[in-house]
Amino acid sequence: MTNFYNYTLRPIIFSLEPEFAHKVTELSLRIPYIWDLFKINNPVGNKLLETKLLGNSYPSPVGLAAGFDKDCNTLGNIIKLGFGFVTGGTVTLTERPGNPKPRMTRIVKDKAIINALGFPGKGIEYSVQNLKKHNAIKSRIILSISGTIEDEIVECIKLANDFTSAFEINISSPNTSGLKIFQEPSRLRGLIEVIKKHTKKPIIIKFPPWNSFLDNKSEIIKMIETSLNSGIDGMIISNTHPRESKKIKIGKGGLSGKPIFTDTLKMIREIQAINKGFADIIACGGISSANDLWKVLASGAKAAQIYTSLVYEGPRLPSKINNDLIVLMKLAGITKLSDINGDPPKI
């Protein structure tokens, strides 16, 4: 089935404009019996994969990142591919058209994507109606929300509070104007405080990245320290990396995929030294294999999210990562994810 995707389905999908291809994929996910074919050897439920995260228990550390199912249309089918949890959104209070097109491009040789979508979506009320249909998996859904003022985010939380296990607050998309106001420590502190007044659900902050090209490390560290002192439950490390691209209408977007994995790993290691276990780290950025997952878990993450690697490797990827991680754990002689450390065993 993996070869069928790599040599038949993917060439067809990649012949289409990226955003249109994504819409076709999302529509196909609404046909359950087709995607049930990809559940073969799905090990979700194996005790070795049990994941303690955000005070909840998930059946695998492999999660779907925000952006794949923006309006929460198909979470119930996507989760069958082997995900321990799925992230819907990013959702905003009202409908948004997003940035002008073209706003997504593939870098196939690097297994990467640059996007400048800008949160296109139908708004929170539409997403909530879809979330109600996925009530059976509510305990495995995380909802990503964003806004440019506190009231927008709070209203989203109030409307969706009964239909998700946790909230991911996206303050770091490089493609959406207005979000940087919440990267100022006092404004971020105020946002977290007001959110906590309106929900008891775990709160996750999605932080921007830093790397050798971005002179913003000290600013992000201050944001993280502020968030920890304000009592967040988790953090996504990290969002896409800003990149210029002539193939994007607005001239720039966010890079995701394999090229950013090394930076993801470095950030997790440095942030864990500050975090000291106070908030759960969810790795996001370039993870495409059980070896990658092992490395981020060994560095301090509790779980990981994937998106771009799913586009390149196909719908069997979540189950493959799970199965391969079980093999690695057995080779290392460990029975809990929390015991993962050092480099992954060589197979």
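The values are calculated or read from the model by the stated rules, or taken from the named source; none is laboratory data. Quick caveat: nothing in here was measured; it's all calculated off a predicted structure. Methodologically, a virtual Cβ is constructed for each residue, glycine included, from the backbone with ideal geometry; neighbour enumeration extends over all protein chains shown.
Per-structure values
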item: Cross-chain or 6+ apart pairs with Cβ under 9 Å, the stretch 119-143 first and closer than 25 Å to Leu53 by Cβ and at pLDDT 95 or above, then surrounded by fewer than 17 Cβ atoms within 10 Å (Cβ to Cβ) and polar (S, T, N, Q); result: Ile124/Thr94; Ser139/Ser57
item: Residue selected from the stretch 296-308 under the condition surrounded by fewer than 23 Cβ atoms within 10 Å (Cβ to Cβ), touching a residue at least 40 places away in the same chain (Cβ under 8 Å) and of a type outside the set (A, V, I, L, M, F, W, C), by the criterion nearest to Ile107 (Cα to Cα); result: Tyr307
item: Residue under evaluation Ile141, criteria (1) farther than 30 Å from Ile248 by Cα; (2) within 20 Å of the chain's Cα centre (by Cα); (3) surrounded by fewer than 23 Cβ atoms within 10 Å (Cβ to Cβ); (4) not small (Gly, Ala, Ser), criterion not met; result: (3)
item: Cross-chain or 6+ apart pairs with Cβ under 8 Å, the stretch 94-111 first and in contact (Cβ under 8 Å) with a residue 40 or more places away in the chain, then acidic (Asp, Glu); result: Lys101/Glu19; Pro102/Glu17; Pro102/Glu19; Arg103/Glu19; Met104/Glu19
item: Residue within the stretch 251-273 that is assigned to a loop (DSSP other than H, G, I, E, B), loosely packed, with under 15 Cβ neighbours inside 10 Å, on the phi > 0 side of the Ramachandran plot and touching a strand residue (DSSP E or B) at 6+ places or on another chain (Cβ under 7 Å) present; result: yes
item: Strands (runs of 3 or more DSSP E) fully within the stretch 110-226 counting 3 or more residues that are of a type in the set (Val, Ile, Thr) and farther than 25 Å from Tyr312 by Cα; result: 203-207
item: Qualifying residue in the stretch 68-86 (condition: assigned to a strand (DSSP E or B), within 19 Å of Ile287 (Cα to Cα) and modelled with pLDDT of 95 or more); result: yes
item: Options Ile321, Ile287: the member that is of a type outside the set (Gly, Ala, Ser) and outside any helix (DSSP H, G or I); result: Ile287
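Yes/no per residue for (1) out of contact with any helix residue (DSSP H, G or I) (no Cβ under 9 Å at 6 or more places or on another chain); (2) hydrophobic (A, V, I, L, M, F, W, C); (3) at positive phi; (4) at pLDDT below 95:
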position	(1), (2), (3), (4)
Cys156	no, yes, no, no
Ser165	no, no, no, no
Ile169	no, yes, no, no
Ile181	no, yes, no, yes
Glu184	no, no, no, yes
Gly190	no, no, no, no
